[in-house]
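Read through the structure below, which is laid out as structure tokens, and then see the notes.
The values are calculated or read from the model by the stated rules, or taken from the named source; none is laboratory data. Predicted model only: the values in this text are computed from it and were never measured. With ideal geometry, Cβ positions are generated from the backbone for all residues, glycine too; neighbour counts draw on all protein chains shown. Note: areas computed on protein heavy atoms with side chains; ligands, DNA, RNA excluded. Shrake-Rupley method; radii C 1.70, N 1.55, O 1.52, S 1.80 Å.
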2 protein chains.
Amino acid sequence: VRIRGIPHRSVWLEHPGGPVCVIDQTLLPHRVEVRRLRQLDDVLRAILEMQVRGAPLIGVVAAFGMVLAAREDPSTPGLETAAQQLRSTRPTAVNLEWAVSGLLHSALDWAPDERAFRLETEAQRMADADVESNRAIGRHGLELLRTLSLQRGGAPVRVLTHCNAGWLATVDWGTATAPLYLAHQEGVPVHVWVSETRPRNQGAALTTWELGEEGISHTLLADNAAGYLLQQGWVDLCFVGADRITRQGDVANKIGTYLKALAAADAGVPFYVAAPTSTLDRRLSAGAEVPIERRSPDEVRWVSGVTREGHVESIRISPPSTPALNPAFDVTPARLITGLITEEGIVPVAQDS
Amino acid sequence: VRIRGIPHRSVWLEHPGGPVCVIDQTLLPHRVEVRRLRQLDDVLRAILEMQVRGAPLIGVVAAFGMVLAAREDPSTPGLETAAQQLRSTRPTAVNLEWAVSGLLHSALDWAPDERAFRLETEAQRMADADVESNRAIGRHGLELLRTLSLQRGGAPVRVLTHCNAGWLATVDWGTATAPLYLAHQEGVPVHVWVSETRPRNQGAALTTWELGEEGISHTLLADNAAGYLLQQGWVDLCFVGADRITRQGDVANKIGTYLKALAAADAGVPFYVAAPTSTLDRRLSAGAEVPIERRSPDEVRWVSGVTREGHVESIRISPPSTPALNPAFDVTPARLITGLITEEGIVPVAQDS
């Protein structure tokens, strides 16, 4: 999608053999700054500090991390250590694990002096595949929006989303947002309810910014307000992303997804999860098996934003010594999910929806 | 309850005939500042800007507002105008409406030159009655905690609460917190999960502070995390307050209460509403009839807190022009509520709980 009208990806190589470029998402929407990642350590830090985040994007950035690692030390022990470091950055999203393990497996078949170059080709291919996959998700989701738009006599289809399963969470298009971007391009009117997504406010900071840059109508809400909107009948459809999906269709996604799914079910509003099939983890049956990342309590106690004077600043909203718990994901049981929108099509999940 | 060990109420007269004193809750927990309200306009501003908030407290502060109005102009048209101004500050909590209309009705029976003095006596009586009512709520709620504590073999009873239905939302004790304060005094161990309560963070700023001053074990969470905790089996009981309760038992309370009630029902965890019987509005049957206040979108876009240097500061978390919607309350249907804890006892609500 676009920044000030110019098409961008969220991760790219500056030039073949060059640094990996990403947009520092911790500064959005207040500043657009590109970070050049030149070595494995830069990639590890970018993922840990959430300069890049979103399951598909961290998968691709980690793949580029393997490229940078191979440029520094293409030996088998070197790559094995790098893969281990990358895998341990964030435990919940399965894409990162797949990407790194897949590349390591391939690299071991190649001569060490070919590894950096061939990994670069592979990582680039994964980035391109993510874009194509999201575009396909968009095509399938667009059909849902088209149908609802006809039912609503051409009035905007009102879509609730959570967190950022957008362009910034992927290489391009996003997962939950891909149908919205395509709808906008093809003249199907949509309005997006954006829940702010505490504690890190990816909805308030990233999804609003993306939608604004593309000119898509949207309204920000506190996470707490989602149930009220659904009760009022102001939501036609929910679209969220996923970090890991189990065999029985339970979905790990950003903390708070489960509460929205409960409210959608209570209101009889369809709840769709948009995710590439690579998010499916066939090793797991039930959602309780998904490892849930716990992040720093300071993400709950402190909030980042911009002051009236334009300085990016953090403020504490609680007493200084208040203990806080910060689980980063929750699991929405399959019974609350209408369907999965994948690149291969829409798969129904809940039996009775 | 106490501030640095010293017992305090949240509203009091400095001396008979003197100004009305309140703690400016917009500065908590960062600074404890007392505001002296000397005329009706000060009271209107304190309620509108939420220096005081919480259904029972704004009822009592509005009652003192009638006292200040009568000192300025005790004529019948003067008091009628004052009552109208007070009633229109905040529409959802019914206590404010009762308090103001009740005092106006009484005052009209008195000679104008007696009104200020007699209203002061009445307002003081309402403040004292609030304290007694909350203590009684505490006694009834304590029995629930005692029973659970025995069932848990003396392990702390884990209570989830939302917003601040605490000491600061009332004159003293709080509604949802009264059982917790009594339990603490009587040696029944409790642990409180405090949801931060965006957009105004009354949980993060006020409930944590109150509980900390009383030495009660607690943990702060993002609102989004409540469902996860309930799913994990880490919550034994939910206690929330109420702004208005309808005849059929639907409860209007701080936005986000409904989402917590859905998750509690899904996990089979009892969900109690603690409120004085004055919160019941017998004129209304269904929750859909409760007027829901909409506040400024800036409360969603901007967050207040304290910087590392100790300055109270506001920061913007979204792009500057992002539209935002800010409903301040939602309605939890009776079917999700286990019971009401009132000063008169515990009233079961949901049929099948």
Handout entry: Qualifying positions in the range B:71-125 - surrounded by fewer than 18 Cβ atoms within 10 Å (Cβ to Cβ), of a type in the set (S, T, N, Q) and under 20 Å from B:ARG282 (Cβ atoms)
Key = B:SER101
Handout entry: Test for A:ARG308: is it more than 9 Å from chain B (Cβ to nearest Cβ), in a loop (DSSP other than H, G, I, E, B) and of a type in the set (D, E, K, R)
Key = no
Problem - Residue list for the range B:304-346, filter: in contact (Cβ under 8 Å) with a residue 24 or more places away in the chain and of a type in the set (Val, Ile, Thr) - result: B:VAL306, B:VAL312, B:VAL331, B:THR332, B:ILE337, B:THR338, B:ILE341, B:THR342, B:ILE346
Problem - Positions within the range B:216-274 being within 12 Å of chain A (Cβ to nearest Cβ), basic (Lys, Arg) and open to solvent by 10 Å² or more (accessible area, probe 1.4 Å), in sequence order - result: B:LYS254
Fill in the blank from the handout: Checked B:THR121, B:THR161, B:THR175 against criteria (touching a Cys at 6+ places or on another chain (Cβ under 9 Å) and hydroxyl-bearing (Ser, Thr, Tyr)); the one match is B:THR161
Exercise for the section: Among the residues of the range A:301-353, write down those that are among the charged types (D, E, K, R) and closer than 23 Å to A:LYS260 by Cβ. Expected result: A:ASP330, A:ARG335, A:ASP352
Practice task
Output the residue which, of all residues in the range B:313-353 that are modelled with pLDDT under 95 and either within 14 Å of chain A (Cβ to nearest Cβ) or open to solvent by less than 20 Å² (accessible area, probe 1.4 Å) (or both), is farthest from B:ALA129 (Cα to Cα).
Solution key: B:SER321
Completion exercise
Selection from the range A:180-218 of residues out of contact with any helix residue (DSSP H, G or I) (no Cβ under 9 Å at 6 or more places or on another chain), over 13 Å from A:LEU168 (Cβ atoms) and of a type in the set (Gly, Ala, Ser) yields A:GLY187
Completion exercise
Taking the range B:118-142 and keeping only residues that are more than 21 Å from the chain's Cα centre (by Cα) and free of Cβ contacts under 8 Å to residues at least 40 places away in the same chain, one is left with B:ARG118, B:THR121
Handout entry: Residue list for the range A:34-48, filter: basic (Lys, Arg) and not in a helix (DSSP H, G or I)
Key = A:ARG35, A:ARG36, A:ARG38
Exercise for the section: Return a yes/no flag: does the range A:327-339 have any residue that is part of a strand (DSSP E or B), more than 23 Å from B:GLY268 (Cα to Cα) and in contact with a Gly (Cβ under 6 Å, 6 or more places away or on another chain). Expected result: no
Handout entry: Among (1) assigned to a strand (DSSP E or B); (2) within 9 Å of chain B (Cβ to nearest Cβ) - the single one A:GLY212 does not satisfy
Key = (1)
Handout entry: Within the range A:167-187, tally of residues that are more than 23 Å from A:LEU229 (Cβ to Cβ) and either out of contact with any Gly (no Cβ under 9 Å at 6 or more places or on another chain) or open to solvent by 10 Å² or more (accessible area, probe 1.4 Å) (or both)
Key = 6
Fill in the blank from the handout: Checking B:GLU80, B:GLU33, B:GLU14 in turn, the sole residue that is among the acidic types (Asp, Glu) and touching a strand residue (DSSP E or B) at 6+ places or on another chain (Cβ under 6 Å) turns out to be B:GLU14
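Would you be able to tell me the number of residues in the range A:49-89 that are among the hydrophobic types (A, V, I, L, M, F, W, C) and outside any helix (DSSP H, G or I)?
The total comes to 2.
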Problem - the range B:1-26, residues that are open to solvent by 10 Å² or more (accessible area, probe 1.4 Å) and hydroxyl-bearing (Ser, Thr, Tyr) - result: B:THR26
Fill in the blank from the handout: Going through the range B:188-200 in order, the residues found to be at the interface with chain A (Cβ under 9 Å from one of its Cβ atoms) and surrounded by fewer than 24 Cβ atoms within 10 Å (Cβ to Cβ) are B:TRP193
Fill in the blank from the handout: Conditions (1) open to solvent by 20 Å² or more (accessible area, probe 1.4 Å); (2) not in a helix (DSSP H, G or I) -> A:ASN164 fails only (1)
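Right, B:TYR228: at pLDDT 95 or above, among the aromatic types (Phe, Trp, Tyr), closer than 14 Å to B:VAL331 by Cα and part of a helix (DSSP H, G or I) or not?
Values: at pLDDT 95 or above: yes; among the aromatic types (Phe, Trp, Tyr): yes; closer than 14 Å to B:VAL331 by Cα: no; part of a helix (DSSP H, G or I): yes.
No, not satisfied.
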Exercise for the section: Would you check which residues across the range A:288-303 are within 9 Å of chain B (Cβ to nearest Cβ) and either closer than 30 Å to A:ASP236 by Cβ or in contact (Cβ under 8 Å) with a residue 60 or more places away in the chain (or both) and list them? Expected result: A:ILE292, A:GLU299, A:VAL300, A:VAL303
Practice task
Give just the number: which of (1) under 17 Å from A:HIS30 (Cα atoms); (2) touching a Phe, Trp or Tyr at 6+ places or on another chain (Cβ under 6 Å); (3) in a strand (DSSP E or B) does B:ILE315 not satisfy?
Solution key: (2)
Problem - From B:ASP250, B:ASP236, residue being in contact (Cβ under 8 Å) with a residue 40 or more places away in the chain and closer than 23 Å to A:GLY256 by Cα - result: B:ASP236
Handout entry: Which listed residue, of B:ASP113, B:ASP128, B:ASP172, is outside any helix (DSSP H, G or I) and among the acidic types (Asp, Glu)
Key = B:ASP172
Handout entry: Subset tally (residues that are part of a helix (DSSP H, G or I) and in contact with a Gly (Cβ under 8 Å, 6 or more places away or on another chain)) for the range A:90-110
Key = 5
Exercise for the section: Please identify the pairs in which a residue from the range A:90-115 that is in contact (Cβ under 8 Å) with a residue 40 or more places away in the chain has its Cβ atom under 7 Å from the Cβ atom of a residue that is open to solvent by 20 Å² or more (accessible area, probe 1.4 Å) and β-branched (Val, Ile, Thr), counting only partners at least 6 apart or on another chain. Expected result: A:THR92/A:ILE292
